[in-house]
C-alpha cells in the first residue's frame, strides 16, 4: 500500500476512485448502492468537489478491495498538499519587481508565484538582468 500511496499522494481520492471504477467496470451508482453512500455524494467526491470522510473511505476501501485506511490516507495527503499550496500562496501575494516581458508567453498578472517558483527562478536567471536576478533572490529568500 505504501508504495502506491507514495506514487499517487497529493491527487484527489475522487480521481483515483474514478479510475478504479473504470478498471472494474463499475458505475458511480453501483458504488453508491454497495457502500450506502448517496449517489450525489459519490459524484461530488469523484468530481473533486467534496472530501472523503473516514467512514466513506473505509466503505470504499472494502468495496474496491484496498487495504483498510488506503483512501483515508490518500485524502489526508491531498489535504496536506492543498494546505501547503494555500499557505505558500499567502506568502507570495505580490509579484516581484521584474519586467513583465520576461514572461511574454503567459499572463504576468495570473502567475502563481508560489506554485511556479522553480520555473520563475529559472526564467529570471536565464533571461533577467542583474537587478532582476537580485530581486528574485530577495523575493524567494535564496541567499541562505
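The values are calculated or read from the model by the stated rules, or taken from the named source; none is laboratory data. Just so it is clear, the model here is predicted, and its values are computed rather than measured. Here the Cβ is made from the backbone with ideal geometry for all residues, glycine too, and neighbour counts use every protein chain on show.
Here are a few things to note about the model shown:
- A single entry from 76, 93 fulfils the requirement of being part of a helix (DSSP H, G or I) and free of Cβ contacts under 8 Å to residues at least 40 places away in the same chain: 76.
- The numbered conditions (1) assigned to a helix (DSSP H, G or I); (2) within 28 Å of residue 48 (Cβ to Cβ); (3) in contact with a helix residue (DSSP H, G or I) (Cβ under 6 Å, 6 or more places away or on another chain); (4) not assigned by TED's automatic domain parsing to the domain that holds residue 23 are all true for residue 71 except (4).
- Reported count of residues in the range 102-141, each being closer than 20 Å to residue 84 by Cβ and either touching a strand residue (DSSP E or B) at 6+ places or on another chain (Cβ under 6 Å) or surrounded by 12 or more Cβ atoms within 10 Å (Cβ to Cβ) (or both), is 12.
- Filter result (surrounded by fewer than 18 Cβ atoms within 10 Å (Cβ to Cβ) and under 19 Å from the mean Cα position of the chain (by Cα)) within the range 48-72: 48, 49, 50, 51, 53
- The range 8-64: number of residues that are in a helix (DSSP H, G or I) and either at pLDDT 95 or above or not assigned by TED's automatic domain parsing to the domain that holds residue 78 (or both): 38
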